[in-house]
Each structure stands twice: as C-alpha cells, then as structure tokens.
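Written out below as structure tokens is the structure these notes cover.
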Amino acid sequence: MSRKVVRTSKFRHVFGQAVKADQCYDDIRISQMTWDSNFCSVNPKFVAMIVDASGGGAFIVLPLSKTGRIDMSLPTVCGHTGPVLDIEFCPHNDNIIASCSEDCSVMIWEIPDGGLISPLKDPVVKLDGHSKRVGILSWHPTAHNVLMSAGCDNVVILWNVVHGEAVVRIDSMHTDLIYSACWNRNGSQILTSCKDKKLRVIDPRKGSVICEKDKPHEGSRPVRAVFVSDGKILTTGFSRMSERQVALWDPNNFSEPLTLQELDTSSGVLLPFFDPDTGVVYLCGKGDSSIRYFEVTDEAPYVHYLSMYSSKESQKGMGYMPKRGLEVNKCEIARFYKLHERKCEPIVMTVPRKSDLFQEDLYPDTIGPEPSLEADDWFAGKNGEPILISLKDGFVATTKNKEFKVIKSLMATTSSSSKMVEQMREALKEKCKWTCTKYANNEIRKGAYWKEHFVELCEKSSWDTILQSISDQILLFGDFTFLKRILICLKPILIYVL
C-alpha cells in the first residue's frame, strides 16, 4: 500500500490570528470608493487608512500605538479635492507618505513623529502630470525619492520627487486602463497589467517593453501581477467561467505558465503580497473574509498551497507591514492590517516554534530602510541592490530617517507655473497673444524693459517663444512680479476662457 508523501516545509503550520479587540483601531469610516487598491499603508511607525470625507479626499495617519476607539475629530490629511484612491509610505523614510486622487494629482506628505495634531492640507510636494484620476502609486525599492504613478489616462510617470519633475513619461504603451504596476527587487524593471489583456515587463528608463504576455488569464476581470523570486512573475485573474486563478510565469518563456491553479468562484480581485525572505505569497481578495497563502519554490508545481486564515467579516482593504516592523521574538513572519467597514484589525501570521531563541531560518537578512542610490544616479542608468539588515536583535534604526529634501525655489515654480503655462498653451493661444499686446501699454507703464521687450515679443514672436520667455524668467530668476504682471494682462481673457 503506497503512502502519500507530504512535502516538507517549515511554513506548513503557519497560522493567522487576529489581535485582541483592544489592539484594533475602532470607529473609523473607511472609504466607500469602488477601487481595487489596498486603501491602507503601514510601516514600523504609522498606519494610514483612506477614509470617507466630505468636500474632497482624506486619509488618516495613526501611530501604531494609538489603538482603541479613534475620535471622529482626529486630524486628517485632507489636501486633495477629490477622493483619495491610493496611499503608500516611502520605504526610506517612515514619515513620508504619497497619495493620489481623482483630482488627477499626486501629493507627498511629511507626517511628524507622534502623528498629526491638526489637519494637514499643504503637501510638501504636489505632482501634476496626469489628465485623469490617478489610482496607482509605488516607490522605488532602492533609489531614494523615485516614485511611480499610473492613472486612468493610461499613462505611467516616473517622478524625481525632490525636483517635482516627471523624468519619464510612458504614455503610448498602454491602450486601456492599467490594473497594476510594480517594481522588481532592485527597481531595474517594472511590471504592469492592463485592461487590454496584456502583461508587460518594461525597462522604466527607456520606456520600452522587454517582453509581454497576451491574455495571462482568459477572463475579462482585472489581473494583478507581482515579481517573485528569481525574476518570475505571479499573476491573479479570472478564467472564462469567472473562476479565480493564480499563475506563475517565467518571463524568459511566456508561452505557457509554470503553473495555473483555480481557486474559487468569488468575484473579488485577489491582491497578492509577496515576501521575498520566505518565498510565501499571500492572496487577499476585496470582499473576501479570508487570506490564502502559498509557498513559491523552484520545484513543481512551483506554487504550493499552505493554508488559509478565515474570519466572519469581509475585508475592504489590506495593509502589509514591512519585515523590519515584525516581532521576531514571537516568530511573526507577516502582519496584515485588515480594513472592516468601521475598523482596522491587525492579523498576525506566526510559525509555531518551541524555542525562544532567534530563528535564523525564518529571518534571513532583510531589506532595510537605507536606499542604495539617489534619484539622479538611478535616472542616469545606475542600479543598486537592496541594502540588507539583520533582525536578530529586533530592528533598531541605527541612523535617522533618510532626510527628505525639496528644492523649494524650483518646486514653487514647477508645480504652479508649469501647470499654468500648460493651460495657457492649450486654451488661450492666439487670444492670449492678442490680449498681452493690447493690455501691455496700459498695465506695464513703469518698467521700460517690460514695455519694450514684452510688447515686441508679443508682436513679433511665436506663441512658443512667448511661453519660453515667461517660463525662463520665472524659473531662472524667481521673478513672480513678472508673473503677476502677465496675469494682470491676461485677466480678461482668463476669466472668459477658464
């Protein structure tokens, strides 16, 4: 009589457990927006959640220790004019968080230690570059101050946050809505899934496709994709019969999946969270009340089912704690922050061990908060592997958070004047040129330079030359008096057009 051989794995007995009620975050009005993002971001200092807000979009940021009932008057981050769709903490500075919204903007915020004591309305940086709502954000894993955003305009933008500059703009590759976008381990590639039913591996600096797969899943529902070990790709999607699936792909041979498994017939999109240290991937479905987890290995069938955490209430979103925020003395290998209708509930994934000693096999050196290189170096073509830290003594920050610097003189003009110039270019054109000429003699009487130079410019130059002169004057000399005078000149036509 043959006996079934059980595969050996140290993660076979991983179990999930919700924390006690007094360690949850209660009475929070989680956002009711229909959007397939996590709605939650967490790091060793804070947990952030997108909440319902009147008159615009908002999210709250709480110190991890601030559990229990959350006062409804708690200050929020409320600078967006439309609902917030995604948030993500910077991996290199626990006080920095990015947000994106239906108002087409991306904003960078700095949260003080201890949390907010008053509403935060003014971002450190505002990034304008999308023409439709922005729903996806992802910080570069190793380069400091590089942020990726993707919007409903089917555009992916790579930002140098310090300069507020859109360095790379991928605007002609995706022909439909982008479902997901993420980096590989060292940030040399990005991976996108799209409503056009294509999975693309992209060189982010060249803006070119390295390889692509048509129809990784046959169904019409959204596909999610992440890089896993050794450059392989894990996808979640739906079959033609609307069965949820998980698949593993080798990008060097996209013809057939390494494995394709059917899970169930629920309708929620499965959000994958991959732990590169353990090789475990967690699948959390919006609207589900469970978390499935699998181990990804080099042996067939490659994606091995481990177990499932189940609860009574469904999840509206999910936050995933970085490994450096876990309690290693309790053999904790993952911690999720599950969003309910009115609360946030931490869920701990634990490997049962009898010994109280540090379990080196569970905690190899992991990615730390220190970046490998700066944004300018990465955009120039350099790559850097993640800088690893040991968790043996628990994570202790040996250095301060990587300082977040903004070139304010440039930022002040980039975020406002470039948007203004773009609006004038599209909407005003020849009418503005005529208005400038007509009103220059009346409004700019005192300065001979303005009278002679600008009137001559309007009469003899092209529209592009006029805009370039305005832009140069503002950006190079910070001459906002000049900007003010130009706006006075344009006031009648601006009121008419805008």
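Any chance you could check the Cα centroid distance between the range 184-240 and the range 21-45 for me, in angstrom?
With the range 184-240 and the range 21-45 each reduced to a Cα centre, they are spaced 27 Å.
Give the calculated FRET efficiency between R240 and R29 to the nearest 0.05, with a Förster radius of 60 Å applied to their Cβ-Cβ distance.
Details: r = 38 Å, r/R0 = 0.63.
So the FRET efficiency works out to roughly 0.95.
Extension gain K10-K382, at 0.36 nm per residue separation less the Cα-Cα distance, in nm? Write out the running numbers ahead of the final one.
Details: separation 372, 0.36 × 372 = 133.92 nm, distance 3.71 nm.
Value of the extension gain: 130.2 nm.
To make sure I understand the rule: partners must be aspartates and glutamates, Cα under 13 Å from the Cα of K215, and not fewer than 8 residues away in the same chain. Which ones qualify?
D196, E256
Once you order the gyration tensor axes a ≥ b ≥ c over the Cα atoms, which shape class does the range 15-389 get: rounded for a/c under 1.5, otherwise prolate or oblate by comparing a/b with b/c?
Rounded.
How high is the relative contact order of the range 175-219? Use alpha-carbon pairs under 8 Å, at least six apart in sequence, and give a whole percent. Intermediate results must be reported in sequence, preceding the final value.
Working: 80 pairs, mean separation 12.4, N = 45.
Here the relative contact order equals 28 percent.
Find how much the distance from K206 to V19 grows on full extension, using 0.36 nm per residue of separation minus their present alpha carbon separation; answer in nm with one decimal.
Numbers: separation 187, 0.36 × 187 = 67.32 nm, distance 4.58 nm.
Stretched fully, the K206-V19 segment lengthens by 62.7 nm.
Give the cross-link partners of K10 among the aspartates and glutamates, using a straight C-alpha distance below 19 Å as the criterion and excluding same-chain residues fewer than 8 apart.
D275, D277, E295, D298, E299, E327, E332, D356, E360, D361, D365
Do any of K354/K392; K323/K343; K45/K232; K198/K382; K195/K382 go past 21 Å between their Cα atoms, and which? Walk me through the numbers before you get to the answer.
Values: K354/K392 17 Å; K323/K343 23 Å; K45/K232 31 Å; K198/K382 28 Å; K195/K382 32 Å.
Checking Cα-Cα distances, K323/K343; K45/K232; K198/K382; K195/K382 exceed 21 Å.
Under a point spin-label approximation (7 Å from Cα along Cα-to-Cβ), what is the S220-T81 distance to one decimal in nm?
Rounded to a tenth, the inter-label distance reads 3.5 nm.
Under 1.5 on a/c is rounded, so check that first for the range 275-369, then, if it is not, pick prolate when a/b is larger than b/c and oblate when it is not; a ≥ b ≥ c are the square roots of the alpha carbon gyration tensor eigenvalues.
The shape class here is oblate.
Can you order the peptides 22-34, 145-157, 57-69 by their average number of other Cβ atoms within 10 Å per residue, highest first?
Working: 22-34: 15.7, 145-157: 23.2, 57-69: 18.6.
For the peptides 22-34, 145-157, 57-69, the packing ranking is 145-157, 57-69, 22-34.
Could you sort the peptides 306-317, 45-56 by per-residue average Cβ neighbour count (10 Å cutoff), highest mean leading? Let's see the in-between values first.
Values: 306-317: 16.2, 45-56: 18.7.
Top of the packing list down: 45-56, 306-317.
Placing +1 on the Cβ of each Lys and Arg and -1 on the Cβ of each Asp and Glu in the range 214-373, which of Q359, G287, V348 has its Cα farthest towards the positive end of the resulting dipole?
The one lying farthest along the dipole's positive direction is G287.
If you count, for each residue, the other Cβ atoms within 10 Å and average over each peptide, how do 251-259, 186-194, 111-119, 284-292 line up from highest to lowest?
Most protected by this proxy first, the peptides run 186-194, 284-292, 251-259, 111-119.
Mind running the shape call on the range 229-342? Use the C-alpha gyration tensor, a ≥ b ≥ c as the square roots of the eigenvalues: rounded below 1.5 for a/c, prolate if a/b tops b/c, oblate otherwise. Intermediate results must be reported in sequence, preceding the final value.
Details: a/c = 2.19, a/b = 1.19, b/c = 1.85.
Taking the square roots of the gyration eigenvalues as a ≥ b ≥ c, the range 229-342 is oblate.
Mind checking which aspartates and glutamates have their C-alpha under 12 Å from K121, skipping anything on the same chain fewer than 8 residues away?
Cross-link targets: E110.
Bear in mind that the values in this text are calculations on the coordinates, not laboratory data. Since the structure is predicted, the reported quantities are computational estimates derived from the model, not experimental observations. Backbone-built Cβ (ideal geometry, glycine too); neighbour counts: all protein chains shown.
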